[in-house]
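Structure first, commentary second.
The values are calculated or read from the model by the stated rules, or taken from the named source; none is laboratory data. What you are looking at is a predicted structure, and each value in this text was computed from that prediction instead of being measured. Every residue, glycine as well, gets a Cβ built from its backbone with ideal geometry; the counts of neighbours run over all protein chains shown. Quick note on the areas: whole protein, heavy atoms, side chains included, nothing else; ligands and nucleic acids left out. Shrake-Rupley method; radii C 1.70, N 1.55, O 1.52, S 1.80 Å.
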Amino acid sequence: MTDLAAPTTADQVREVAAQLRAQRQRQQRNAALLKHAFLILCTLIMLYPLIWLVLASFKPDNQIFNQALSLWPEEFKWQNYPEGWNGLAVSFTRFFGNSLFITILAVIGNVLSSSFAAYAFARLEFNGKNIFFAMMMMTLMIPYHVVLIPQYILFLNMGWVNSFLPLIVPKFLASDAFFVFLMVQFFRQLPRELDEAAMIDGCSPFKIYWAIIMPLSLPAVATASIFTFIWTWDDFLGPLVYLNNIDNYTAPLALRMFTSQDSVSEYGQMFAMSVLSILPIVLFFVVFQKFIIRGIAMSGLK
Amino acid sequence: MRKFLRRNWPAYTFLTPWFIGFFLLALGPILASLYFSFTNYDVINPPRWAGLENYEFMFTVDDRFMTSLRVTFAFVFLSVPAKLVFALVVAMVLDKGIRGISIYRALFYLPSILGGSVAVAVLWHQLFDFHGVINSFLGLFGIEGQYWLSDPQYSLYTIVLLAVWQFGSPMLIFLAGLRAIPQELYEAAEIDAAGKVRQFFSITIPLLAPVIFFNLVLQTIDAFKAFTQAFIISSGDGRPLDSLLFMTLYLYQEAFTYFRMGYASALAWVLLIIIAIFTGIAFWTSKYWVHYESERG
Amino acid sequence: MAGVSLREVVKRYGNVEAIHGIDLEVIDGEFLVLVGPSGCGKSTLLRMVAGLEEITDGTISIGDRVVNDVPASQRNLSMVFQSYALYPHMSVRRNLAFGLTNLKMPKPEIERRVAEAAKILQIGDLMERKPRQLSGGQKQRVAIGRAIVREPQLFLFDEPLSNLDAELRVQMRVELAGLYNRLGTTMIYVTHDQVEAMTMASRIAVLSAGNLEQLGTPVELYERPQNTFVATFIGSPKMNMISGAADKGGITIPDFGTLEVPGSVPNGAISVGVRPEQFCVGAGGDVSTKAKITLVEYLGSEAFVHVVLSSGAKLMVKASSHAAHKVGDELVLGINKAEAHYFGPDGLRLGYFDDDR
């Protein structure tokens, strides 16, 4: 802090001002540099595992561990990918196909059933509305593990174990209250006058839902779809419990097969398949970043 | 009756999928699970009533259960505070309006979104292998590499690290919360002779309290439910020496490896009650330290 | 207590210059009002004095000290914000005491000051409430209280009354004036409302688009505005501006005629300013004309009469409320050349009769 006496002549003013300004600019630049250095360092540390993963997927096995610090592969072993693809008893085409099939159906089912329920809660009046809403919100607190066993028994008795059904059908029954809540919040923001105008025009509630509410809710639908996609694609416990036949395995299960033996020999292939299995998520993230981040922030601040 | 139907049938139609789901997949299973916890049930034979046997065994005889409690609690108490601290610190650095903030934000969040995946768990397994990158890196500084994954002393820390690596999600929420604090309050505090540290403790923290609370509860519940990482890294059974025997893992083993459904259900209920207790404590203490701006007194 | 010196103060945001080299001396112990339309830079200037905005160029001194790089917390000043900026999670008492606690003042002293401020502002029974439980006027008082407990050498006010309703605003104006009389500390007050400026200030600085248009007492600004901006900004209702031109020994304005002025008249457009109350209604004035009434605004104590001249020019005249003016009536208006204000083509004042005022 400079204890300068107040300048009197114009020249003095300019001199003092310039001096202080230069000092301040220097300080600001240093602070900004420090901050960026810190952030870049943090980012590198954070992303290092992922960077390593991608680069390791191109390395021949003997280079992965012995020269662990030289990130960049000396030779690009592209074959890790096709070899890994076929590295297990069943080709990854099947695994990714299964994952895709389940995930897409899950997205459709979730969006439909959640929006149905959300529409009822947000727009319609009916007996028991408050109680049902409370009940639905309470299911948010139930950890999956508590209902897992009885659900398993149920599906076992229905003969659904070892099929995709236990993973898909619940999505069509609005089993995830989080998405119902998300949609309810969104619907509440749409002006009621739209519904009223449509009603006067003779639309049934179903028509209102389909022709008015849903088209205006694309952001919420997009958010729900993205999160459902990511969570279902990555889901491990569900497929682990319900899919016993290797032909039905999803990508995560297949990946685990690579590691389930204590002595794994094909690291490169394993990494290659790992990269492929998270690629869809990364792509989704890059493309739909804004939705995802806004969705998280919204859920946090209600 | 007719009026009842006429008023309600559109709503009830829309709610049909949810109704089915709720009774079949939520309410039913919860009650069933409670019932099973008082039985011995191996799926092949019908459940046999056993009263409080399962719970007695759990708390008096079962060492593995105690281990799993210890492991799970250690994980929660190590990973959640660390995660929140990182999240808050980074959020505060990013909040000051830096160029490229959206890029940093996205990059920090990326691990969060990949976090639950098997691929990342597999990756982690290899990174911390004795011949893996971590040891090589430490070797550069002359630090001796350890058997991170096969030494029961260290194994849990690898998973804690994996969890803390995913601080991006609470970070985003903190960012949003920080943005909501009016800049003017900081200005007034500055004029009130408050330095940066004082401003942090007198303004930022109290006004961020609801967000801190939200993150705390959410992350704690998630931490108790952690499964995939532990499963993959411990090859499915909590090795080495049960040092990674998370409660969820133990539960899975009892149910799907040994088919002791009754006991597994009891374990599940204990987990549920623990989560409920923690959530309850959090809510109860929140009276004292969380201030909601929107209350009208 | 201290005076404030602004020398060639400039504020730039990137490439945009918001304040262009302002020189301003605030006299120790005066109540200076910075007034001007939105975006003129008055708040920015105030915030630079406070230390909340950086000074791009030039110097600001408080007392004898250049404060360009002195942080706000060390400038020994207080500020009242437009939106009060009360700490929402603290009680009124803690809000008042916060600054003093930061300065590590002994507790009895803090309590004394807080109690005294509470008494002056009559907020004694609100001490344990939280800000969300207070009305707008109460919040404003607490904000002012928070400013006075620090007993600073300088008070800054950033449009403190703008968020209050009209009645409350009048009441608070009186209270603030009373506060100034009581404390006598240097105060710099920002507002866009020229009524507040005129009633409260010892001196007024009129700002427009980053420039200081005129600095002077309310009387000076009212009776001798130095340019057309100040002339039309100060005074409500606004001064009428009539365009005229130089013409053999005087200024000719349409409809009225030629006003003889002592001194040369520059070439170009001349503006003649006449305040609504300066027209002679009926007979009188050096020049006069007939005008047709288009609207009468009756206010009880007076009437604002809107007229239109044959040339189409529109004027506003302040007339007695007793004369029954009606729309459509004809009115004779006169101008006294010695009372009118004259401005050249550059908008600056031509001081023809200024020595006689």
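The table that follows gives values for the structure above.
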{"quantity": "Wholly within segment A:16-133, helices (runs of 4 or more DSSP H) carrying at least 2 residues that are more than 8 Å from every other protein chain (Cβ to nearest Cβ) and small (Gly, Ala, Ser)", "calculated": "A:92-123"}
{"quantity": "Any pair with Cβ under 7 angstrom, 6 or more apart, that starts in segment B:125-142 at a residue that is surrounded by fewer than 16 Cβ atoms within 10 Å (Cβ to Cβ) and ends at one that is modelled with pLDDT under 80", "calculated": "B:PHE130/B:GLY145; B:HIS131/A:PHE65; B:PHE137/A:LEU69; B:LEU138/B:GLY145; B:GLY139/B:GLY145"}
{"quantity": "Options B:GLY115, B:GLY51: the member that is open to solvent by less than 30 Å² (accessible area, probe 1.4 Å) and at positive phi", "calculated": "B:GLY51"}
{"quantity": "Residue match in segment A:122-133 (condition: in contact with an Asp or Glu (Cβ under 9 Å, 6 or more places away or on another chain) and surrounded by fewer than 18 Cβ atoms within 10 Å (Cβ to Cβ))", "calculated": "no"}
{"quantity": "Helices (runs of 4 or more DSSP H) completely within segment A:162-212 that count 2 or more residues being aromatic (Phe, Trp, Tyr) and crowded, with 20+ Cβ neighbours inside 10 Å", "calculated": "A:177-189"}
{"quantity": "Residue under evaluation B:PHE283, criteria (1) more than 14 Å from chain C (Cβ to nearest Cβ); (2) surrounded by 17 or more Cβ atoms within 10 Å (Cβ to Cβ), criterion not met", "calculated": "(2)"}
{"quantity": "Number of the exception - B:ILE98 against (1) within 18 Å of the chain's Cα centre (by Cα); (2) β-branched (Val, Ile, Thr); (3) within 9 Å of chain A (Cβ to nearest Cβ)", "calculated": "(1)"}
{"quantity": "Contacts under 7 angstrom Cβ, first residue in segment B:12-31 being under 20 Å from A:VAL146 (Cβ atoms), partner surrounded by fewer than 16 Cβ atoms within 10 Å (Cβ to Cβ), 6 or more apart", "calculated": "B:PHE22/A:MET135"}
{"quantity": "A:LEU255 surrounded by fewer than 20 Cβ atoms within 10 Å (Cβ to Cβ) and at pLDDT 85 or above", "calculated": "no"}
{"quantity": "Within segment C:318-350, considering residues that are free of Cβ contacts under 8 Å to residues at least 60 places away in the same chain and under 27 Å from the mean Cα position of the chain (by Cα), the one nearest to C:ALA303 (Cα to Cα)", "calculated": "C:ALA319"}
{"quantity": "Selection within segment B:181-191 - outside any helix (DSSP H, G or I) and either without any contact (Cβ under 8 Å) to a residue 24 or more places away in the chain or away from chain C (no Cβ under 14 Å) (or both)", "calculated": "B:PRO182"}
{"quantity": "Unique residue being crowded, with 19+ Cβ neighbours inside 10 Å, within 17 Å of C:PRO160 (Cα to Cα) and touching a Pro at 6+ places or on another chain (Cβ under 9 Å) when the list is C:SER61, C:SER78", "calculated": "C:SER78"}
{"quantity": "Subset of segment C:131-182 [open to solvent by 40 Å² or more (accessible area, probe 1.4 Å), assigned to a helix (DSSP H, G or I), out of contact with any helix residue (DSSP H, G or I) (no Cβ under 7 Å at 6 or more places or on another chain) and under 22 Å from C:PRO88 (Cα atoms)]", "calculated": "C:ARG132, C:GLN133"}
{"quantity": "Breaking point among (1) open to solvent by 50 Å² or more (accessible area, probe 1.4 Å); (2) modelled with pLDDT of 90 or more; (3) not in a strand (DSSP E or B), for C:LEU221", "calculated": "(1)"}
{"quantity": "Segment A:89-136: number of residues that are of a type in the set (Gly, Ala, Ser) and farther than 16 Å from A:VAL221 by Cβ", "calculated": "7"}
{"quantity": "Scan of segment B:152-170 for residues that are open to solvent by 40 Å² or more (accessible area, probe 1.4 Å) and in a loop (DSSP other than H, G, I, E, B), ordered by number", "calculated": "B:PRO152, B:GLN153, B:TYR154"}
{"quantity": "Residue within segment B:153-169 that is within 14 Å of chain C (Cβ to nearest Cβ) and without any contact (Cβ under 8 Å) to a residue 12 or more places away in the chain present", "calculated": "no"}
{"quantity": "Segment C:282-297: number of residues that are open to solvent by 60 Å² or more (accessible area, probe 1.4 Å) and within 22 Å of C:GLY235 (Cα to Cα)", "calculated": "2"}
{"quantity": "Sole residue being within 11 Å of chain B (Cβ to nearest Cβ) and aliphatic (A, V, I, L, M), chosen from A:ALA254, A:ALA224, A:ALA220", "calculated": "A:ALA254"}
{"quantity": "Extreme residue, surrounded by the fewest Cβ atoms within 10 Å (Cβ to Cβ), among residues of segment C:194-218 that are in a helix (DSSP H, G or I) and not hydroxyl-bearing (Ser, Thr, Tyr)", "calculated": "C:VAL195"}
{"quantity": "Which numbered condition A:TYR242 fails, given (1) more than 11 Å from chain B (Cβ to nearest Cβ); (2) open to solvent by less than 10 Å² (accessible area, probe 1.4 Å); (3) closer than 30 Å to B:TYR35 by Cα", "calculated": "(1)"}
{"quantity": "Output for segment C:259-271, where each listed residue is assigned to a strand (DSSP E or B) and either of a type in the set (D, E, K, R) or surrounded by fewer than 21 Cβ atoms within 10 Å (Cβ to Cβ) (or both)", "calculated": "C:GLU260, C:ALA269"}
{"quantity": "Hey, B:LEU149 outside any helix (DSSP H, G or I) and either modelled with pLDDT of 90 or more or among the aliphatic types (A, V, I, L, M) (or both) or not", "calculated": "yes"}
{"quantity": "Search result, residues across segment A:237-261 that are hydrophobic (A, V, I, L, M, F, W, C) and within 12 Å of B:SER235 (Cα to Cα)", "calculated": "A:MET257, A:PHE258"}
{"quantity": "Pair list, Cβ < 6 Å and 6+ apart or interchain, from segment A:141-161 residues that are closer than 17 Å to B:LEU27 by Cβ and more than 7 Å from chain B (Cβ to nearest Cβ) to residues that are of a type outside the set (D, E, K, R) and crowded, with 18+ Cβ neighbours inside 10 Å", "calculated": "A:PHE155/A:PRO166"}
